[in-house]
Ligand code: IVH
């Protein structure tokens, strides 16, 4: 089971920084799999979840945003199943402004750069910022010869065949004499078309898109252009790439020129004589954006004169002559009708406000997150309160604050549950953590799917042929509810064989794979239970220490009393701390888990851990590793020594039998010499254990 990530607001700076680093590397690797190798190893949803997690951490810790952050990458790198194509003129991105002041600063910056008087009016072309994907169209002798995606701005994908299916894009330019004209603009889908496409996809069990932008991108990047042809894509033209001659003197004139050549330009684009007029037009667009048929996420201001644009040039990857004025997150007031607790797939309890439905930014909102228990207390949020809610982009709406003045005394305080609303098991909140979690991990319906995925995974029961999709299907049909059901599948043999996409052979193979796992090593069983914080290494330690699942369960139950001998015994196991011990004890104390485990144990034979080699010359000896080893990691060296029956200690004392010294060993090596202990270097150690 992937360890559930802690909530962002529970992260320390160090943890946040480490996670951002790890996410940057992982997302880069997955991007590589997806785009360059065309072989994604995780689902789109999992990928999106990683991106969202990255964004959430960056939002909470903006000073930790990395230079190589996935959120900073300009578009996606070019895929290989479309030919790569270098842009003759790079496709830039835009810098952003979030309010009128920042826009006025932009205006002053431009004037200073051009050495114009600050009070002199400077004209802008003001255009909606379309939320689609940008494309560069190349016309040679007025004929469309190429359509290239932005890619990373330098190199994109050749999607010419797909582009040709879009009716807004002329194949031949009218009234144009230019030898080369590269026209850039946005491919997009209307909200209604997006909803219809998704409705169709749902009916056919096909791919559903998260928003119109993804739908447009997904439709355009079809390997088979006849599929693109069936998708309702549109195009607004708004910029140039390589041009054999300048098309006009100003950007606004150029837009009119585009129309004459046969393109569609956005009808809400305006020429503003100065920044004040531009800001007024921005406001008009912002106020009426929900009446548009397509999504826009801001307004683009472009210095109108092309000679100025040329002088201004670009900085980094954005032009100095244009900027995007983004829309603020939308806020509105509504009433909390009730507060519900949702149990996530990892057992986390999340409070959700059920709201009097209200339209925020064109979307009807009836739920908002309340994050966690402390959030409700800190903001003193009560049922019946009038609250301010916010919706930004695709993010879940959130409750920002309470309108305390509007209270009439009928509001009710919410009592946070201490049991899981899904299964009734205890819901506990470990000290220092923000999230309360259900401990009924094995039996809780809200968590069962995640548990099952973990249960069959490679290091657990390792059941081949049972992927997440099949598990989800069987879970939906209530055939697979808990681990024990895995071994009851054989009873459904005939029914399984006639399921869509299963087939005789694959069912036989699956059932054979399951049969083989009826004998399972104890450490795998412990790991497969998916107890919080109990990974593979700890499972092995526990298996060795307790020898049977019954003894482990019994001791863990007794360890609930932290003054008991069972507790002492548990936390004295090397590497098991109090927090892990508590998770173990909670797991085995919960009656739902006990029952589910008992049901499972009726189907399996548990193989006790191999007795630790007592005939090995280092059985029972205490070894200390110090300095850096070159041939194996410290963890591997330790595991090997332990498998030979040795105890690995962290510090040198008179009780130490051997000290293995790697490079740059410091005080421990000196102490070993002082105590006259047996000291081995890495080579000698490897030679010593080679044949054991
Ligand atoms: S002009 C050199 N105009 O926004 C400037 N871009 O965040 C080229 N976009 O990559 C862009 N509507 O995909 C421009 N009216 C508009 C736009 C627009 C949407 C997109 C475009 C660009 C991105 C930058």
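Translational diffusion coefficient, Stokes-Einstein: compute it for the range 545-615 using the Kirkwood radius over C-alpha pairs as Rh, at 20 °C and 1.002 mPa s, and state it as an integer in µm² s⁻¹. Reported coefficient: 163 µm²/s.
Put the Cα centre of the range 105-178 next to the Cα centre of the range 393-431 and the gap is 48 Å. Look at the alpha carbon pairs under 8 Å that are at least 6 residues apart: their mean separation over the length of the chain gives a relative contact order of 9 percent.
Relative contact order for the range 190-296: what percent, with Cα pairs under 8 Å and sequence separation of 6 or more? So the answer I get is 25 percent. As an equivalent ellipsoid, the range 367-505 spans semi-axes of 42, 17, 14 angstrom, where each value is the square root of five times an eigenvalue of the C-alpha gyration tensor, largest first. Bridge orientation summary for the chain: considering DSSP beta bridges with both residues in this region, about 80 percent are antiparallel. Normalised by residue number, the volume inside the convex hull of the Cα atoms of the range 82-144 is 181 Å³ per residue. A convex hull fitted to the Cα coordinates of the range 430-477 yields 99 cubic angstrom per residue.
In the range 90-221, one over the average inverse separation of all distinct C-alpha pairs is 17.8 Å, which is the Kirkwood hydrodynamic radius.
Eigenvalues of the alpha-carbon gyration tensor of the chain, scaled by 5 and square-rooted, set the equivalent ellipsoid semi-axes at 56, 31, 29 angstrom, largest first. Taking all Cα-Cα distances within the range 257-347, those exceeding 18 Å account for 65%.
Spatially, the range 435-494 and the range 231-263 are offset by 56 Å when compared through their Cα centroids.
Taken along its three principal axes, the alpha carbon spread of the range 381-440 comes to 39, 34, 24 Å, from the longest extent down to the shortest.
To the nearest 10 degrees, how steep is helix 13-31 against the longest Cα principal axis of the chain, on a 0 to 90 scale? Roughly 70 degrees, rounded to the nearest 10. The Rg/Rh ratio for the range 593-692, using Cα coordinates for both the radius of gyration and the Kirkwood hydrodynamic radius, is 1.17. Computed from Cα positions, the angle between helix 634-643 and the longest principal axis of the chain comes to roughly 30 degrees.
The Cα center of the range 81-101 and the Cα center of the range 540-554 differ in position by 58 Å.
Relative to the dominant Cα principal axis of the chain, helix 578-589 is inclined by about 80°.
From most to least packed by mean Cβ count within 10 Å, the peptides 590-599, 678-687 give 590-599, 678-687. Highest average first, the peptides 113-119, 473-479 ordered by how many other beta carbon atoms sit within 10 Å of their residues are 473-479, 113-119. What is the range 306-427 by shape, rounded, prolate or oblate, if you read a ≥ b ≥ c off the alpha carbon gyration tensor as root eigenvalues and call it rounded for a/c under 1.5, prolate for a/b larger than b/c, and oblate otherwise? Prolate, because a/c is 1.5 or more and a/b exceeds b/c. Across the range 503-623, counting alpha-carbon atoms alone, Rg and Dmax equal 16.6, 56 Å.
Shown is the FRET efficiency for residue 115 and residue 192, computed with R0 = 60 Å from the Cβ-Cβ distance and rounded to the nearest 0.05: 0.80. Per residue, the convex hull around the alpha carbon atoms of the range 206-283 comes to 153 Å³.
Listed peptides 171-177, 306-312 appear in the order 306-312, 171-177 once ranked by packing, highest mean of other Cβ atoms within 10 Å at the front.
Each value in this text was obtained by applying a stated rule to the coordinates, not by laboratory testing. Please read these numbers as outputs of a predicted model, since none were measured by experiment. Every residue, glycine as well, gets a Cβ built from its backbone with ideal geometry; the counts of neighbours run over all protein chains shown.
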